[in-house]
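Asker: The structure that follows is given in the form of structure tokens.
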Amino acid sequence: MQGKTKKDYFDLIKAKYQKCLEPTETCIANAIRAHSVQNSRVLELIAENGHVIMPELSHNSSGRPLLEFKLVGRNYASTFLGLCSKHDTEIFRPIEQNELEFSKPEHTFLLAYRSVFKEAHACFESACKIRSGYIQRVESGLSPRDKPDKAGLQAIAWLCNASDMYLYKRKYDEAYLSRDFTRVSHVTIKIDDVSPSIAASALFSLDDIDRPDDVARIALNIFPYKGNIMVLFSFLKEEASYAYQYIRRITDSSGYFQKYLISKMILQHCMNFVISPQFYNQMTKEQKRAIETFFVETIFINKHDFENKHLYLFWDKRREMANN
């Protein structure tokens, strides 16, 4: 890689998409590091000495994805530059300043909405980086100006993906602005007898399920709550049949196997999750290696039928007591 091209590449990697994505689309204030997982009520329960463990994805010289779990300060964990301070505070005030109640449609909606904001920001940022990279390739003579090449087609694909994500987010925006929180449906699972070892906030597409002219999506939130771990699946009401089909194996299960299936879903679909350092440090090398391998191998293709007992992300109190 030539000197200027290498510099352009690393400049793109470090570039940040900083825009307030509030629902009226009129805000021009600077975006802040907004938390997609609550800092004071969730991360503090998982953190050790103010830090949590998060996955970080990179690649080697040949472009092969690499995963490493790293210690991250809780004030930086799960953050994204997609909302200004004013709108981050205003939108999520009901669940930040009040006791979370799953019986309130507004509260469960806002948990899902936060996941949508996080994924939308990630999608828009990636599209901008790919597009800028392609423009630099054209200006440097690495890609032709008058006909498409692989880099150009990739840029178009990412822009199309960003457009789809924008249209999806607008449905949540419209629900929020109209206060019609019932436009989003939810499935809640309470997991007991576990220590506060994991939290997640993600939005992912159901690529394995056919939907004419579109793709269905599910928001997934996992967090400690009143001595338990709560798992919240959220989806647009018009996509309910696809969502129920996708999570049926989990909802029809219970106990250890249900937690195992949820763990696999996290590893296949989520980048934005945190683990307790204490829990991570007691994992065996074999378990860590299995988790890292499965995560990397399912970046581009799901492996629903692949089974490995080490793909498990919950800290079971009963099993720990039995082993002691």
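Asker: Would you be able to say whether some residue in segment 139-158 is modelled with pLDDT of 80 or more, under 20 Å from the mean Cα position of the chain (by Cα) and hydrophobic (A, V, I, L, M, F, W, C)?
Answerer: No; the residues of segment 139-158 include none that is modelled with pLDDT of 80 or more, under 20 Å from the mean Cα position of the chain (by Cα) and hydrophobic (A, V, I, L, M, F, W, C).
Asker: While we're on this one: Restricting segment 247-294 to residues that are touching a residue at least 24 places away in the same chain (Cβ under 8 Å) and charged (D, E, K, R), which is nearest to residue 224 (Cα to Cα)?
Answerer: 259
Asker: Another question, if that's okay. Being touching a residue at least 24 places away in the same chain (Cβ under 8 Å) and out of contact with any strand residue (DSSP E or B) (no Cβ under 7 Å at 6 or more places or on another chain) is the filter; apply it to segment 77-94 and report the residue that is surrounded by the fewest Cβ atoms within 10 Å (Cβ to Cβ).
Answerer: Top of the filtered list is 86.
Asker: Would you kindly identify the strands (runs of 3 or more DSSP E) lying entirely within segment 168-282 that contain at least 1 residues that are in contact with a His (Cβ under 9 Å, 6 or more places away or on another chain)?
Answerer: Fully inside segment 168-282 and qualifying: 198-205, 217-225, 228-236.
Asker: If you scan segment 21-36, which residues turn out to be in contact (Cβ under 8 Å) with a residue 60 or more places away in the chain and either outside any loop (DSSP other than H, G, I, E, B) or under 19 Å from residue 201 (Cα atoms) (or both)?
Answerer: 21, 22, 34, 36
Asker: Go through (1) surrounded by 10 or more Cβ atoms within 10 Å (Cβ to Cβ); (2) modelled with pLDDT of 90 or more for residue 28 and report which single condition fails.
Answerer: In the conditions (1) surrounded by 10 or more Cβ atoms within 10 Å (Cβ to Cβ); (2) modelled with pLDDT of 90 or more, residue 28 misses (1) alone.
Asker: Within the group 132, 126, which residue is at pLDDT 80 or above, surrounded by fewer than 17 Cβ atoms within 10 Å (Cβ to Cβ) and not in a loop (DSSP other than H, G, I, E, B)?
Answerer: 126
Asker: Inspect all residues belonging to segment 207-230 and state whether any of them is under 18 Å from residue 169 (Cα atoms) and of a type in the set (Phe, Trp, Tyr).
Answerer: Within segment 207-230, not a single residue is under 18 Å from residue 169 (Cα atoms) and of a type in the set (Phe, Trp, Tyr).
Asker: Next up: Run residue 181 past the list (1) more than 26 Å from residue 18 (Cα to Cα); (2) out of contact with any Pro (no Cβ under 6 Å at 6 or more places or on another chain) and report the number of the one that doesn't hold.
Answerer: Failing condition for residue 181: (2).
The values are calculated or read from the model by the stated rules, or taken from the named source; none is laboratory data. Keep in mind the model is a prediction, meaning the values are calculated, not measured. Glycine gets a Cβ as well: all are built from the backbone with ideal geometry, and neighbour counts include every protein chain shown.
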